[in-house]
There are 2 protein chains.
Amino acid sequence: MSTPPLVTLADIESAAARIAGAVRRTPLVPTQLGHADAPLWLKAESLQLGGSFKLRGAANAVALLSDEERAHGVVTHSSGNHAQALARAARDAGIAVTIVMPTQAPAIKREATEALGATVVVVDISERAAVTEQIRAETGAVFVPPFDHPAIIAGQGTVGLEIADDLPDVATVWVPVSGGGLISGIAAALKALSPQVRVVGVEPELAGDLAEGFAAGHPVSWSSDRTGRTIADGLRVTAVGDLNWHHIRAHVDDVMTVSEDQIRAAMRSTIVEAKLVCEPSGAVAVAGYLAHADRVGRGPAVAVLSGGNVESSLLREVLD
Amino acid sequence: MSTPPLVTLADIESAAARIAGAVRRTPLVPTQLGHADAPLWLKAESLQLGGSFKLRGAANAVALLSDEERAHGVVTHSSGNHAQALARAARDAGIAVTIVMPTQAPAIKREATEALGATVVVVDISERAAVTEQIRAETGAVFVPPFDHPAIIAGQGTVGLEIADDLPDVATVWVPVSGGGLISGIAAALKALSPQVRVVGVEPELAGDLAEGFAAGHPVSWSSDRTGRTIADGLRVTAVGDLNWHHIRAHVDDVMTVSEDQIRAAMRSTIVEAKLVCEPSGAVAVAGYLAHADRVGRGPAVAVLSGGNVESSLLREVLD
């Protein structure tokens, strides 16, 4: 297949200017979790408004709507963090928003989305694309996808700009992968700013569709029955998006996987030692660093702590 | 009693320059915990090296030692965070350190102090001053007190400089109080920089010696049996120090107390909503804001999240 136009550094810098008033610039937190020759920082998107990086892309997509589009509102499907993000961005812009959410989504995420004023429709994960399309057709709402869209990729890429700004000599950036919006944007930004930076994607072994596809050289899709097994509820998407695939092929150096035990251990370390609350998906990049840093090389490392929306019961379980 | 010389803004600015390479500049994290007319930021000293603000004062005190004093090392008593801080500062300076620690100190704090290379001596809390003096007399080590010393106050005051720098229009700063080192330094810095800022001390009701003394107009001491009842193990000191008392009388606007339930609820909110891990003592200022902000007035508020060193078992219990 031919390569579509990729998101550029200029696109990401434009997105940063566009969303500056709507999102937080999150801190890059030094930690003692790392090896001496590859000290580890955490990009704490858990401290972003809404508790995850997702607001960056959603705010950028909403800011790019025409007046005509704004009148019809927006719709999306999401396992949770994109839902909250789009709900917040739509509320701030004063437009209607409907969220299609899978039954497996944690209650904390559904409640938070409703609290932001969104209409939430709960369906089986296998039906969410069809139901979203139905709502779009009936209401004229604009579909804002969670990851497979240049505006989303450019918005998430602002994470990469901030990493490069705060730690100019960064050598390796570890990024959790689900649909690929975050890693596409971060890699596009970093490779344009400093091509020597290594960008490594990390997935749960139980949702390792990109790791398999990256090794094979073509996109691979897993069933939701398979990806649904991981504790990392934000990473259960069954394949990266088309546009994301092309960014990953162009810019990402490697994709690695981690076990469920490694995810839980990384959550514990992040909470108890680095003092930052993280959801399982948010700990996956830390787990990747802890499991694989010796294969990647030396120098300052950043793991993107993508979100902190976790139910108390799961926190208690992981700390046990 | 006559007023001793108080720590000045210049002292605190000198301390900031002296310790800049040894401590982290911690983020001031915006939150959604606050009221609309008094939005709340958290000064996340939980993300400081060693997990609490205490390194600031300890590093300043160690940096001020003469070569002669360095040769004999340092000694202190502490319920934990000052211990780790002095151990780290001494290790970084290459000098010997002995810590006298009460039997009630959490295991996590004792182990962390030993891991930093300190000699730890565990005694009943009532004997710790006497044992510290005995070690000082026998070894010639310099006693670095936890709070009642101008070098410690100046070091902790660098927290105030950073708050004023990051949030110039701050209206109220909430600070947990134990021996008074942190609030003395913060108040000295802030009142010199912007006299209209309100500085409010917060104590557990079960260790409310300063609240009682502040209202009475003279220092009050409580028994360690009384102060030992609070979950906030960092705030069980039985009275503020002499020098601290004078700073508090000169600069602090009010001192308020919070219940044990309010401390636990503030821990939960800080962890689950603000995504920052805190120890019970670290949540006391947040609890003060949540309980009393309507009595204090409007405008941007900061609660000093003084530390994040908490055992997993207590985290689990509080999240239940």
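The values are calculated or read from the model by the stated rules, or taken from the named source; none is laboratory data. All of these numbers come straight from a predicted model, not from anything done at the bench. Glycine gets a Cβ as well: all are built from the backbone with ideal geometry, and neighbour counts include every protein chain shown.
When every residue of the stretch A:289-301 is checked against the conditions, none turns out to be within 23 Å of B:G307 (Cα to Cα) and either more than 9 Å from chain B (Cβ to nearest Cβ) or at pLDDT below 95 (or both).
One residue alone among A:A44, A:A85 is of a type in the set (A, V, I, L, M), within 24 Å of A:V173 (Cα to Cα), outside the structural domain of A:G299 (by TED's automatic domain parsing) and under 17 Å from the mean Cα position of the chain (by Cα), and that residue is A:A85. Checked against the criterion of being crowded, with 23+ Cβ neighbours inside 10 Å, under 28 Å from A:A164 (Cα atoms) and in contact with a helix residue (DSSP H, G or I) (Cβ under 7 Å, 6 or more places away or on another chain), the stretch A:287-298 contains one or more residues that satisfy it.
Looking only at residues that are modelled with pLDDT of 95 or more and of a type outside the set (A, V, I, L, M, F, W, C) in the stretch B:1-20, which one is surrounded by the most Cβ atoms within 10 Å (Cβ to Cβ)? Filtering first and then ranking leaves B:D11. Does B:A130 satisfy the criteria of being of a type in the set (G, A, S) and either at positive phi or assigned to a loop (DSSP other than H, G, I, E, B) (or both)? Criteria not met by B:A130.
Of the helices (runs of 4 or more DSSP H) lying entirely inside the stretch B:1-104, those containing at least 1 residues that are away from every other protein chain (no Cβ under 14 Å) and closer than 27 Å to A:D166 by Cβ are B:9-19, B:54-63, B:81-93.
Take the residues of the stretch B:302-314 that are crowded, with 24+ Cβ neighbours inside 10 Å and outside any strand (DSSP E or B): which is farthest from the other protein chains (Cβ to nearest Cβ)? Across the stretch B:302-314, the extreme among qualifying residues is B:S306.
Annotation note: Cβ proximity below 6 Å between a residue of the stretch A:142-161 that is part of a helix (DSSP H, G or I) and a residue that is acidic (D, E) (sequence gap 6+ or interchain) occurs for A:A154/A:D11. Which of the residues that make up the stretch A:275-301 are in a helix (DSSP H, G or I), touching a residue at least 40 places away in the same chain (Cβ under 8 Å) and more than 15 Å from the chain's Cα centre (by Cα)? Those that are in a helix (DSSP H, G or I), touching a residue at least 40 places away in the same chain (Cβ under 8 Å) and more than 15 Å from the chain's Cα centre (by Cα): A:A287, A:G288, A:Y289, A:L290, A:H292, A:A293, A:D294, A:V296. Under the condition of being of a type in the set (G, A, S) and touching a residue at least 40 places away in the same chain (Cβ under 8 Å), the residues counted in the stretch A:99-131 number 5.
Scan the stretch A:166-181 and give yes if some residue there is part of a helix (DSSP H, G or I) and either outside the structural domain of A:V302 (by TED's automatic domain parsing) or surrounded by fewer than 24 Cβ atoms within 10 Å (Cβ to Cβ) (or both), otherwise no. The answer is yes, given that some residue of the stretch A:166-181 is part of a helix (DSSP H, G or I) and either outside the structural domain of A:V302 (by TED's automatic domain parsing) or surrounded by fewer than 24 Cβ atoms within 10 Å (Cβ to Cβ) (or both). Among the residues making up the stretch A:264-306, those that are touching a Cys at 6+ places or on another chain (Cβ under 9 Å) and within 19 Å of B:C278 (Cβ to Cβ) are A:M267, A:T270, A:I271, A:K275, A:L305.
For the structure I just gave you, tell me whether B:T98 is among the polar types (S, T, N, Q) and modelled with pLDDT of 95 or more. When the stated conditions are applied, B:T98 passes them.
Yes or no, residue by residue, for (1) in contact with a Leu (Cβ under 6 Å, 6 or more places away or on another chain); (2) closer than 22 Å to A:S78 by Cα; (3) modelled with pLDDT of 95 or more; (4) surrounded by 15 or more Cβ atoms within 10 Å (Cβ to Cβ):
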{"position": "A:G213", "(1), (2), (3), (4)": "no, no, yes, yes"}
{"position": "A:A216", "(1), (2), (3), (4)": "no, no, yes, no"}
{"position": "A:S224", "(1), (2), (3), (4)": "no, yes, no, yes"}
{"position": "A:G228", "(1), (2), (3), (4)": "no, yes, no, yes"}
{"position": "A:L235", "(1), (2), (3), (4)": "no, yes, no, yes"}
{"position": "A:T238", "(1), (2), (3), (4)": "no, yes, no, yes"}
{"position": "A:W245", "(1), (2), (3), (4)": "no, yes, yes, yes"}
{"position": "A:V252", "(1), (2), (3), (4)": "no, no, yes, yes"}
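Examine the stretch A:264-271 for a residue that is within 14 Å of chain B (Cβ to nearest Cβ), under 20 Å from B:I271 (Cβ atoms) and touching a strand residue (DSSP E or B) at 6+ places or on another chain (Cβ under 8 Å), and state whether such a residue exists. Looking through the stretch A:264-271, at least one residue is within 14 Å of chain B (Cβ to nearest Cβ), under 20 Å from B:I271 (Cβ atoms) and touching a strand residue (DSSP E or B) at 6+ places or on another chain (Cβ under 8 Å).
Filter the stretch A:162-206 down to the residues that are among the small types (G, A, S) and free of Cβ contacts under 8 Å to residues at least 12 places away in the same chain and list them by number. Within the stretch A:162-206, no residue meets the criteria. Evaluation of B:W222 against the conditions (1) farther than 30 Å from A:V310 by Cβ; (2) within 14 Å of another protein chain (Cβ to nearest Cβ); (3) not polar (S, T, N, Q) shows that the sole unmet condition is (2). Those residues that are within 21 Å of the chain's Cα centre (by Cα), basic (K, R) and closer than 11 Å to A:H77 by Cβ, I need them from the stretch A:88-146; list them, please. The one that is within 21 Å of the chain's Cα centre (by Cα), basic (K, R) and closer than 11 Å to A:H77 by Cβ: A:R128. Within the stretch A:105-121, the set of residues being modelled with pLDDT of 80 or more and assigned to a helix (DSSP H, G or I) comprises A:A107, A:R110, A:E111, A:A112, A:T113, A:E114, A:A115. Per this entry, A:A15 is counted among residues that are of a type in the set (A, V, I, L, M), in contact (Cβ under 8 Å) with a residue 60 or more places away in the chain and over 28 Å from B:T270 (Cα atoms).
Can we say A:L276 is within 14 Å of chain B (Cβ to nearest Cβ) and modelled with pLDDT under 95?
No, not satisfied.
Only a single criterion out of (1) at pLDDT 95 or above; (2) over 17 Å from the mean Cα position of the chain (by Cα); (3) within 11 Å of chain A (Cβ to nearest Cβ) is not satisfied by B:E317, namely (1).
Listed by position, the helices (runs of 4 or more DSSP H) inside the stretch A:194-251 whose residues that are under 18 Å from A:T103 (Cβ atoms), of a type outside the set (K, R) and in the same structural domain as A:R264 (by TED's automatic domain parsing) number at least 2 are A:224-227.
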